[in-house]
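First the structure, in the form of structure tokens, and then the observations on it.
The values are calculated or read from the model by the stated rules, or taken from the named source; none is laboratory data. Computed from a prediction, not measured in an experiment: that's the story for all the values here. Don't worry about glycine lacking a Cβ; one is built from the backbone with ideal geometry, like all the others, and counts go over all protein chains shown. For the accessible areas, the whole protein counts, side chains as well, though only heavy atoms, and no ligand, DNA or RNA atoms are used. Shrake-Rupley method; radii C 1.70, N 1.55, O 1.52, S 1.80 Å.
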Amino acid sequence: MNTSALYEIFLQYPHICTDSRKASEDALFFALKGDKNDGNKFAGQALQKCPYAIVDDPNVAKNDHYILVDNVLETLQRLAAYHRKRLGIQIIAITGTNGKTTTKELVACVLSKKFNVCYTQGNLNNHIGVPLTLLSITKEHNFGVIEMGASHPGEIAKLCKIAAPDFGIITNVGRAHLEGFGSFNAVKETKAELYQYLHDNDGLAFVNYDNEILEDMNPPHSVVYYGTKTFTHCQGRVTDNRLFLSIDWAPSDEVITDEIGVINNSDYHIQTHLIGEYNFENVLAAVCVGYNFGISAADIKSAIEDYKPENSRSQLIKTHKGNIVLADDYNANPSSMEAALNNFAKIELPNKILMLGDMLELGEATTREHAVIVGLIEKLGFKKVCLVGRNYSNIKDAHRYNCFYDVDELTKHLGTQNITNASVLVKGSHGMHMEKVIPML
């Protein structure tokens, strides 16, 4: 079946199901193959509710309710690209090593003040998540915000061909997924694929002028800059970072000195619920996008101030034991770990404790990067430190701190402790499941 014919069926049943347990009467089941499961095996179960199942195993296609294709994933991607071309709406793509999910959430909140926005839910930012997000956009939406992640070269270019963004943001470029990329330069080249797509298709990029790496990556001709410099379109500065981040900002045409002075208009002051000065560039990116699309300063302010992070991304949790937990454990790489540690060292909190899990997918750089973090911990003067995972355990200097084989060993240890009135930074790669320690605090 060709894409246009499948699209006609999709218009009748405009929801996509990839889990047979969540099948519904208005959805098409796509039998995707995963690391552990083959969706073809569950097509029959899905058809108990779904009208059609898209499969690529001829042995399961028993009747006309099975739509047999060469490759289910590629069919899903082609359908998403076909749908996107017919949407007629503006789409902004957001990628980067760190901060892309927070930036996506903030941009979506700001744009929602003026537009009906569809945006990536959670962390569905890969070769499956991007098509699913695109296929969830309906005629009622008039703006899309698509997060794009990558762990191998060429992935951003492929996602751009599917999503066809009109605008783009690269939050930053750091040392992550080195196992898949092979080198930092490969990370840069892959993230720059978004700039290349915008260049080739007359798109516009929002660029952090303070980040020299981004400028070296050749942004497209059409650029809107944000940063701390006067000649950016949106200029900002951090005004407080004792716990939650607050900033002042102003459009370039309202800045008459080299730096932002006293802002008399309170709409230009934003008090966030985000922890960490490293979130400044994420907030300012959302401000810049909103300003570019004609959203008032008052609406930008309220959108960002109303946003409260969840899912352990710069999230503050106050526990019943009187502890303050800075939960930033959804993911970790060397760049984000350094930023989190430097920020935690700066802010004024009592009885600081580190609970850090391994950083994964670093390949040959694993030992070096974990040694750098252990050195930084010593340099910053942290005394109460729990390190979790084989990677930290392999570092000789790490053994001056408390080392644990896995998070379960740490939680068992915490069960024998009575930690109260402490400030705890919890961070590690998602696969380390550091969120398990939070109930113990």
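Quickly run through region 268-315 and pick out the residues that are touching a Pro at 6+ places or on another chain (Cβ under 8 Å), open to solvent by 10 Å² or more (accessible area, probe 1.4 Å) and part of a strand (DSSP E or B).
Answer for region 268-315, where residues must be touching a Pro at 6+ places or on another chain (Cβ under 8 Å), open to solvent by 10 Å² or more (accessible area, probe 1.4 Å) and part of a strand (DSSP E or B): His273, Gln315.
With respect to Ala365, is the statement that it is open to solvent by less than 50 Å² (accessible area, probe 1.4 Å), in contact with an Asp or Glu (Cβ under 9 Å, 6 or more places away or on another chain) and under 16 Å from Leu111 (Cα atoms) true?
no
Being touching a residue at least 40 places away in the same chain (Cβ under 8 Å) and not in a helix (DSSP H, G or I), is that true of even one residue in region 182-192?
yes
Give the residue, chosen from Glu361, Glu369, that is part of a loop (DSSP other than H, G, I, E, B), charged (D, E, K, R) and under 21 Å from Lys188 (Cα atoms).
Glu361 is the lone residue from the list that is part of a loop (DSSP other than H, G, I, E, B), charged (D, E, K, R) and under 21 Å from Lys188 (Cα atoms).
Just checking, which of Tyr330, Tyr392, Tyr401 is within 30 Å of Val187 (Cα to Cα) and open to solvent by 10 Å² or more (accessible area, probe 1.4 Å)?
Only one candidate qualifies: Tyr330.
Search region 55-92 for residues being surrounded by fewer than 21 Cβ atoms within 10 Å (Cβ to Cβ) and of a type in the set (Lys, Arg), and hand back the single one that is farthest from Ile300 (Cα to Cα).
Lys62
Answer yes if at least one residue in region 93-112 is over 25 Å from Leu245 (Cα atoms), open to solvent by 20 Å² or more (accessible area, probe 1.4 Å) and not charged (D, E, K, R), and no otherwise.
No, every residue in region 93-112 fails to be over 25 Å from Leu245 (Cα atoms), open to solvent by 20 Å² or more (accessible area, probe 1.4 Å) and not charged (D, E, K, R).
How about region 114-135: which of its residues are open to solvent by 20 Å² or more (accessible area, probe 1.4 Å), within 22 Å of Val224 (Cβ to Cβ) and assigned to a loop (DSSP other than H, G, I, E, B)?
Within region 114-135, Lys114, Phe115 meet the criteria.
May I ask you to list the residues in region 85-113 that are under 30 Å from Phe181 (Cα atoms) and assigned to a strand (DSSP E or B)?
Ile91, Ile92, Ala93, Ile94, Thr95
If you scan region 1-18, which residues turn out to be open to solvent by 40 Å² or more (accessible area, probe 1.4 Å) and more than 12 Å from Thr75 (Cβ to Cβ)?
Ser4, Glu8, Leu11, Gln12, Tyr13, Pro14, His15, Thr18
Quick one: count up the residues across region 6-53 that are free of Cβ contacts under 8 Å to residues at least 60 places away in the same chain and either in a loop (DSSP other than H, G, I, E, B) or of a type in the set (Val, Ile, Thr) (or both).
17
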